1. Once you charge only the Cβ atoms, +1 for Lys and Arg and -1 for Asp and Glu, what is the size of the charge dipole of the chain about its Cα centre, to the nearest 20 debye?
2. Tell me, what % of the accessible area of the stretch 8-131 is carbon and sulfur with a 1.4 angstrom probe?
3. Sort the following peptides by mean Cβ neighbour count (other Cβ atoms within 10 Å, averaged over residues), highest first: 67-74, 29-36.
4. With a 1.4 Å probe and every protein chain left in place, work out the accessible area per residue of the stretch 1-113 in Å², rounded to a whole number.
Amino acid sequence: MTEPAGAVKVRPLEWRDCSELGENYRLAYRERDRGEPIWLHLLGTVPSVPDEVTWFSGLYRAVLAGNAVCRVAEVDGRAVGLVSVHRVGPDRDAENGHVGELGILIHPEHRGRGIGSTLFASVLEACRGTFELVRLSVFSENARGIALYRKFGFVPYGHLPAHARRAGKYYDAELMILDLRAPSPKG
Ligand SMILES: CC(C)(COP(=O)(O)OP(=O)(O)OC[C@H]1O[C@@H](n2cnc3c(N)ncnc32)[C@H](O)[C@@H]1OP(=O)(O)O)[C@@H](O)C(=O)NCCC(=O)NCCS
């Protein structure tokens with residue numbers, strides 16, 4: 001069945017996503033370079049395409065090995081968002097193997113229309129059984145990100161002063177965590 005135009009489809013990561021998700025990531029650098037507030041922790045310079053292929057291969061490999069859970073948002077056949085939760089420890093049996101670290105990025109033209117919420121609902125459900133705790137860090141000024149994380153039950157557990165330095169200015173970050181050992185709201 002074909003999706004209606006503009007409808008959001010959420011699905012697992014696929015090998016073909018490399019180029020579109022890499023392009024979404026490069027757009028974040030362009031936002032930053034234009035002086036727009038992209039409240040995501042970025043490298044000093046834009047990663048090269050080979051760097052992104054290395055990053056994507058590592059992510060895909062982690063998914064296949066059961067060390068990462070990902071969900072992709074697709075609109076009109078294009079990958080417009082990615083949420084990933086990576087195992088913090090080296091494997092499931094490591095003493096920190098039950099903890100996942102979450103990251104999310106949505107294409108700028110698709111933010112603020114519920115895609116982050118749709119991705120969160122799907123990825124957190126998929127994390128049950130793989131991770132017991134999911135944590136993340138977020139710029140303190142990222143009101144939309146913090147609203148999203150709170151909505152899904154993340155609670156603050158720390159504050160990082162001057163976590164990021166961008167164009168000579170310092171930005172604080174909040175640490176947030178979700179305990180998946182609590183029963184699912186769905187029961
Ligand atoms: C942060 C991000 C992932 C959120 O995804 P999104 O699809 O834009 O978010 P949603 O549309 O699902 O909105 C999430 C919540 O934030 C709220 N929100 C939206 N804009 C807001 C704003 N400017 N201030 C406060 N809350 C806001 C929404 O009302 C919504 O809550 P509700 O459903 O209860 O109304 C996305 O905007 C993004 O990729 N931003 C750039 C990268 C980034 O910041 N990544 C996170 C790094 S930790």
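1. Numbers: 24 positive and 23 negative charges, 73 e Å.
In debye, rounded to 20, the chain gives about 340.
2. Details: 3180 of 6060 Å².
Carbon and sulfur atoms account for 52 percent of the accessible area of the stretch 8-131.
3. Working: 67-74: 22.5, 29-36: 12.4.
Top to bottom by mean Cβ count within 10 Å: 67-74, 29-36.
4. 55
The values are calculated or read from the model by the stated rules, or taken from the named source; none is laboratory data. Predicted model, so just to flag it, every value in this text is computed and none were measured. Positions of Cβ are backbone-derived with ideal geometry, glycine not excepted, and every protein chain shown enters the neighbour counts. Only protein heavy atoms, including side chains, enter the accessible area calculation; ligands, DNA and RNA are left aside. Shrake-Rupley method; radii C 1.70, N 1.55, O 1.52, S 1.80 Å.
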